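To start, the structure under review is shown below, and the notes come after it.
The values are calculated or read from the model by the stated rules, or taken from the named source; none is laboratory data. This structure is a prediction, so every number in the text was calculated from the model and none was measured. Note that each Cβ is placed from the backbone with ideal geometry, even for glycine, and that neighbours are counted across all protein chains shown. Ligands, DNA and RNA are stripped out before the accessible areas are found, and what is left, the full protein with its side chains, is counted by its heavy atoms. Shrake-Rupley method; radii C 1.70, N 1.55, O 1.52, S 1.80 Å.
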Amino acid sequence: MIWVLLIIGVVLVMVFVWFVLHQRSLKLRAHLMQEAIRNRDFTFRLPTDGLLPGEHAMQQTLNQLGDTIRQQINQNEVESWERLTRVLTHEIMNATAPITSISQSMLSRDDVKGTPLKEGILAIHDTSCHLSEFVANYRKLSELEKPALADVNLRAMIDDISKAYPELTWEVGLSPDTVVHADASMLRQVLMNLTKNAVEAQARKMVIENQGDRSRDSDWNHGPVPLILHIGNDGLPIPAENRQSLFVPFFTTKRNGSGIGLSLSRRMMIQQGGMLDLAERQCQGCHTTFILTCLIPTSSRSVK
């Protein structure tokens with residue numbers, strides 16, 4: 001009888017110790033998730049091993065919630081810039097249209113031709129035309145057509161783009177049968193923009209790495225499955241002070257840049273259910289790396 005009570009006591013002590021340690025582990029998980037959200041690191045994920053069924057389900061939900069929050073924040077940010085762009089372009093076009101028209105009319109007058117006034121009016125006319133053209137480019141941000149989604153061979157598309165940039169060395173870690181569900185025209189434009197930016201940053205190498213998909217992750221058993229790609233180059237690194245503004249419309253560090261390329265690229269990816277982000281960790285041998293998230297076809301839930 002004493003041995004039975006002793007065994008029961010030992011078991012109860014072990015259960016109590018396990019319970020205390022388990023609660024500390026859960027508290028640590030909560031703290032890590034809180035810090036990740038506070039630092040806007042919505043890609044942070046914790047393993048679900050060693051958890052009770054209810055805790056396992058909760059951790060899965062929290063892991064997936066981070067991706068949902070990140071996508072929603074980026075979506076709201078893009079929509080805010082889109083609304084601002086629409087208002088600005090409308091007001092600027094209304095202001096420049098009469099200036100262009102009046103200056104054009106003035107240039108055709110006989111009392112202006114051959115006089116010092118012509119050069120001044122011509123400068124006004126040219127400036128208003130350039131401004132109108134500049135604003136027209138930004139209208140692309142708010143006038144994207146609805147994407148026509150279809151299965152696209154991603155490797156074939158990248159191989160085709162690489163032929164247009166023979167000065168770059170390409171390291172593509174994708175199998176020939178890598179397929180994504182996307183708008184082929186939009187996806188090509190995004191890849192072209194990233195490549196063009198790399199060339200302008202004096203890159204000599206492009207690296208594309210397949211980070212895998214989440215088709216086997218129980219967090220993604222339902223709904224579209226994302227394929228994560230890292231696209232890096234060895235061009236000039238992006239200064240730390242510019243990283244936060246990289247996807248903001250109108251922002252550019254180039255003398256002749258329009259500031260529309262990356263913001264439009266992100267908008268295109270969101271339209272397709274994907275995302276374009278700047279990575280914190282670089283591909284090996286690269287100074288700048290982007291994270292391109294695409295969707296894979298439901299009929300092909302594993303990309304090797």
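Work out the FRET efficiency for HIS22 and ASN242 from their Cβ-Cβ distance, taking R0 = 45 Å, and round it to the nearest 0.05. Walk me through the numbers on the way to the answer.
Working: r = 45 Å, r/R0 = 0.99.
The value I calculate is 0.50.
R0 = 22 Å: FRET efficiency of PHE44 with ASN76, Cβ-based, nearest 0.05? The value I calculate is 0.65.
May I ask you to compute the full-extension gain from LEU12 to ARG204, defined as 0.36 nm times their residue separation minus their alpha-carbon distance, rounded to one decimal in nm? Don't skip to the end; give the middle numbers.
Details: separation 192, 0.36 × 192 = 69.12 nm, distance 6.48 nm.
Result: 62.6 nm gained on full extension.
Inter-label distance, HIS90 to ASP159: 4.8 nm, where each label sits 7 Å from its Cα along the C-beta direction.
With the whole protein complex present, VAL17 retains an accessible surface near 70 Å², based on a 1.4 Å probe. For the pair TRP3 and ASP111, label points projected 7 Å from Cα toward Cβ lie 12.3 nm apart.
Model label sites at LYS118 and LEU32, defined 7 Å from Cα along the beta-carbon direction, differ in position by 7.5 nm.
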